[in-house]
Amino acid sequence: RLLAERGATVERRELVEALGEDVYEFNYAHLDTIVSRLRRRAKKAGILLPLHAIRGRGFTFAD
């Protein structure tokens, strides 16, 4: 959904569900780790990843 609806905020819960995890047992700090690793790998490959955290809500993928 991040790519399909560029600019829209996708809630953290939705991302956890997309990972196939239980939203009630998932450690949301792990989601931050996943996003951090994704950003680092993209940067290493020379790719600017326009993935932005929206505090208290989720993430958005926008230019």
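Quick rundown of the values:
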read-out	value
Scan of segment 48-59 for residues that are free of Cβ contacts under 8 Å to residues at least 24 places away in the same chain, surrounded by 10 or more Cβ atoms within 10 Å (Cβ to Cβ) and not in a strand (DSSP E or B), ordered by number	L49, P50
Sole exception among (1) under 12 Å from the mean Cα position of the chain (by Cα); (2) exposed (fewer than 13 other Cβ atoms within 10 Å of the Cβ) for R6, by number	(1)
Of the criteria (1) at pLDDT 90 or above; (2) more than 10 Å from the chain's Cα centre (by Cα), which one G56 fails	(1)
From the options A62, A45, residue that is hydrophobic (A, V, I, L, M, F, W, C) and free of Cβ contacts under 8 Å to residues at least 24 places away in the same chain	A45
Residue in segment 35-46 that is of a type in the set (K, R), surrounded by 12 or more Cβ atoms within 10 Å (Cβ to Cβ) and closer than 23 Å to D63 by Cα present	yes
Count of residues meeting criterion [outside any helix (DSSP H, G or I), of a type in the set (A, V, I, L, M) and modelled with pLDDT under 95] in segment 6-46	4
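The values are calculated or read from the model by the stated rules, or taken from the named source; none is laboratory data. Source: prediction; values computed, not measured. Note that we place each Cβ from the backbone using ideal geometry, even for glycine, and neighbour counts take in every protein chain shown.
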